Amino acid sequence: MSAGDVLAILRGAVVTVTLSLTGILIGLPIGLGLAVLRWADVPVVARIVAVYVSILRATPLVTLLLLLFFALPNIGIAIGPISAAILALVMNTAAFNCEVWRASLMNFPKDQYEAAQSVGMSAGLRFRRIVLPQIARTSLPGLVNEMSLLIKVTPVLAVVGVVDITRAAVRIGAETYDPLPPFLVAVALYAPIVFALVALQRWIERRQLMAEAAA
Amino acid sequence: MADRVLDVAGVSKRFGALEVLSDISFQVEKGETVCVLGPSGSGKSTLLRCINWLERPDAGQIYLNGAQIGVNGAGLVMSDRELSRIRTRIGMVFQHFALWPHLTVLQNLMEAPVQVQKRPKAEVRDEALALLAKVGLSDKRDAFPAKLSGGQKQRVGIARALAMRPDLLLFDEPTSALDPELVGEVLVVMRELAHEGMTMVVVTHEMGFARDAATRILFLDRGRVLETAMPERFFSSPETERARQFIQRYAGHAANGGR
Amino acid sequence: MIHDFGIVWSERDLLLTGLGNTTILSVLSAVAALLIGFVLTPAWMSKQRWLAGTVRGFVDGMRCVPFLLFAYIVYYGLPSLGIRLDNWTSGLVALTIYNAAYMAEILRGAWTAQPREPIEAGVAFGFSNIALFRRIVLPPLLLAAGPVIGNQMIQIIKDSAFLTIIALPELTHAASSIQSRHYVPFAAFITAVFLYWGLCLVIEAGVSSIDRLAAARR
């Protein structure tokens, strides 16, 4: 394996990180929106969201990606590998994020919400000033966990030709007939990112546990 | 009539098959302190929560200063926005305090006046600090609620409700969740408010407070108003058997004059 | 569109075989992973620092590696070390080893959450070793860990789809094959999606019954 090969894998890392970040940043607010729709029990829509989340959480990302990549052009929507990849990542992570946000919303203390109602806060104010600051805190470990899971499924992008870490490693392995070294380099790139996120999640959980104990 | 703050007429409420409130009617004039007493399950808390439409009555009308709550001029059920506007005129103190944990004590007091009533921050701040002094918690203004004792939290809860300058204050068993030693400090604040002429409706088990500070007792049993009378008359010669039993059971508390 | 689904229906044998393979693969590796987990967890909690450390390293390692990459390594990488496995064995091995780490973590969590007294009582009443484990320790542990293990099973089913890349004839591979031969991508993959959803609902039903058993005993 040459230096040029390592460089190729590093370039793949840029793609992995960029697409992961895009998926995470778009998926977070969409997940929150879905969770709020269910929490507010908007007629019809809430049920649709529930079914959507249930299906998305049961669908392997590979299958979803292939579906989007091949089926959308078939019904007239031209979509390239990168767009299909981002769409698949976002659809997937939004569904999981929705459940994390929803857990926080369902556990939100009712009397605080009533106190906000009793002082005449509108629904928007109640949500913005009282609910959101707190559920952002309680949802954090689950959301960070979901981020680490998202990074671990990005190799699926290789299946539609996006040159991320995995595809770069596979390509080099195929060219040099020595697949193990590039794979190990790939592991060495994924592991620290995921590990950092897992460590972050554990740290957040520990801090929140201590804050609760002190109260 | 211009001084009638609250008018409750024929309010009923059921939860599933259970009729919790049946045809409740009463009025509260300005400056009155009405204590709602009754055994558990009599519907006292539900009645209170119907007044500011945290619970929606199934029947009856409720008027605040002559304006109906819950149903607008067109005869339709009020939207959340319309209800919010009315709720700024009614303050509520909760059994479990319901303080907002991510805000400091001072911020808890200032939050609604600034965000909902859109009053200038400096004015709200001055008034909030004055209220904190009134309830004896000036030194806690930058503390977070989690760090306070139950009695302190409830005093903050009262100050927070007062910060909205309400026409009417509702108390939902304000001392029931407190350790006995902490009840007194809250009752002191409530007594003072009553004395100063605040219009209050208090659901409570504190017979001593009811005896001393109430201008009127409303006795509820199984969803109905059984008796309404001045405290001395109610406690010394109740009209109904249920009221008699109730007072006897709490005789120990009443005899000690509360706390 | 109806025509497309008609084509998929005509290829239902292929799909059902794929579904069957997915199911067999997932069940086998889940059971194997759980059994290995039962060996790993006590090792993880052992007083021997080197043993506990090794297991911890393994578990943390598997948590940091993407499964698809791991599957590639087992299938394409191991031959460099002389170990040549066919795609079925590779898939099964990768799925099992990868999830054994997660099962160990789940079991450890469930174990630390268990109260000690009932087990002490078991010992006091004369239970020992196998009997103690089988009758006193294991049942409450499985009841408590049931939902989490159920979730992991769903994860295993989804990971199995990655094995399409090593040409393992599971469900996604079958759908892909139908798609590429008949050009019916939407019908083929949507059918696969609904089949995966169905599998998932079956597992969730199973988890609910375990939960009901557990709740009656809480």
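Read-outs throughout are calculated quantities, based only on the coordinates presented, and are distinct from any laboratory measurement. All values reported here derive from a predicted model rather than from experimental measurement. So basically every Cβ, Gly included, is an ideal-geometry build from the backbone, and we count neighbours across all protein chains shown.
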Formal net charge of residues neighbouring A:Gly173 (Cβ-Cβ distance under 13 Å; K, R +1; D, E -1): -1
Per-bin percent of Cα-Cα distances, region C:127-218 [10 Å]: 15, 31, 23, 17, 10, 3, 0
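Could you state the orientation-averaged shadow area of the convex hull built on the Cα atoms of region A:157-200, in nm² to one decimal? Spell out each step's value before the answer.
Working: hull surface 13.0 nm².
Its average projected convex-hull area is 3.3 nm².
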Chymotrypsin sites (Phe, Trp or Tyr not before Pro) within region C:54-125, DSSP loop, no more than 11 other Cβ atoms inside 10 Å: C:Phe125
Karplus-derived HN-Hα couplings along region C:116-128 (A = 6.51, B = -1.76, C = 1.60, θ = phi - 60°), whole Hz, x at Gly and Pro: 7, 4, x, 6, 4, 4, x, 4, 4, 8, x, 5, 9
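Taking only Cα atoms of region B:1-130, what ratio of Rg to Rh do you get with Rh as the Kirkwood inverse-distance radius? Before the final figure, lay out the partial values.
Numbers: Rg = 16.7 Å, Rh = 16.7 Å.
With Rg and the Kirkwood Rh in hand, the quotient comes to 1.00.
Add -39500 (n - 2.57) for each DSSP H run of 4 or more in chain B, then divide by its residues: what number comes out at 222 nm, to the nearest 500 deg cm²/dmol?
Working: 10 runs with 97 residues, N = 259.
That calculation yields -11000 deg cm²/dmol at 222 nm.
In debye, nearest 20: dipole of the protein assembly as shown around its Cα centre with unit charges on the Cβ of K, R (+) and D, E (-)?
Values: 64 positive and 54 negative charges, 114 e Å.
Roughly 540 debye, rounded to the nearest 20.
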Of the trypsin sites (Lys or Arg not before Pro) in region C:1-81, those whose Cβ has at most 15 other Cβ within 10 Å and which sit in DSSP loop: C:Lys47
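Using alpha-carbon pairs under 8 Å, 6+ residues apart, how would you state the relative contact order of chain C in percent?
About 31 percent, as a whole number.
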Projected label distance in nm at B:Ser79 and C:Leu78, using a 7 Å step from Cα toward the beta-carbon: 6.5
Part-to-part distance (alpha-carbon centres) for region C:1-77 and region A:61-83, which is given in Å: 26
Rough spin-label spacing in nm, given labels placed 7 Å along Cα→Cβ, for C:His3 and A:Ala196: 5.3
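If a/c stays under 1.5 just call it rounded; otherwise compare a/b with b/c (prolate if a/b is bigger, oblate if not). Do that for region B:78-224, with a ≥ b ≥ c from the square roots of the Cα gyration tensor eigenvalues. It would help to have the intermediate numbers written out before the result.
Working: a/c = 1.72, a/b = 1.24, b/c = 1.39.
Oblate, because a/c is 1.5 or more while a/b does not exceed b/c.
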Cα principal axis extents for region C:1-83, largest first, Å: 64, 30, 23
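With the Cα gyration tensor of region A:104-197 in hand, give its eigenvalues times 5 under a square root as the equivalent ellipsoid semi-axes, listed largest first in whole angstrom. Walk me through the intermediate numbers first.
On the way: eigenvalues 459, 30, 12 Å².
Those come to 48, 12, 8 Å.
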Between 0 and 90°, nearest 10: helix C:185-216 axis offset from chain C longest Cα axis: 20
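Taking region C:2-216, how much of its Cα-Cα pair set, in percent, is spaced more than 26 angstrom apart?
Numbers: 10687 of 23005 pairs.
Roughly 46 percent, rounded to a whole number.
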Under Karplus coefficients 6.51, -1.76 and 1.60, residue-wise ³J(HN,Hα) of region A:192-200 in Hz, glycine/proline x: x, 4, 5, 4, 4, 5, 4, 4, 4
Estimated FRET transfer efficiency when R0 is 35 angstrom, pair B:Gln27-A:Val45 (beta carbons, to 0.05): 0.20
Residue-wise HN-Hα coupling along region C:58-67, computed from phi with Karplus coefficients 6.51, -1.76, 1.60 (Hz; x: Gly, Pro): 4, 4, 4, x, 5, 5, 9, 9, x, 5
Crossing angle, helix A:132-153 versus chain A [Cα axis fit, 0-90 degrees, rounded to tens]: 20
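Mind checking A:41-51 for the average number of partner chain beta-carbons within 10 Å of each residue's beta-carbon? Each step should come with its number before you reach the end.
On the way: counts 0, 0, 0, 0, 0, 0, 0, 0, 0, 0, 1.
That works out to 0 on average.
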Bins of 20 Å from zero: percent of alpha-carbon pairs in the protein assembly as shown: 15, 37, 29, 17, 2, 0
Pair-distance profile P(r), taking every C-alpha pair of chain B, with 10 angstrom steps and integer %: 7, 30, 35, 22, 6, 0
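At a 10 angstrom cut-off on C-beta neighbours, averaged per residue, how do the peptides B:218-229, B:42-53 rank from highest to lowest? Each step should come with its number before you reach the end.
On the way: B:218-229: 20.0, B:42-53: 22.9.
Descending packing order for the listed peptides: B:42-53, B:218-229.
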Alpha carbon centroid spacing (whole Å) that separates region B:66-135 from region C:194-218: 45
Overall dimensions of chain A as given by Cα atoms, namely Rg and Dmax in Å: 20.6, 71
Region A:3-214, relative contact order in percent, only Cα pairs under 8 angstrom and at least six apart counted: 29
Virtual spin-label span in nm between C:Leu213 and A:Ala103, 7 Å along Cα→Cβ: 2.4
Long-range HN-HN contacts of B:Leu218 with modeled amide H, under 5 Å: B:Cys35, B:Val36, B:Leu37
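Which whole-number percent of Cα pairs in region B:30-69 have a distance greater than 14 Å? Don't skip to the answer; put the middle values down first.
Details: 435 of 780 pairs.
Tail of P(r) above 14 Å: 56 percent of Cα pairs.
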Dipole of region C:1-143 [Lys/Arg +1, Asp/Glu -1 at C-beta], most positive-end residue of C:Gly37, C:Ser128, C:His3: C:Ser128
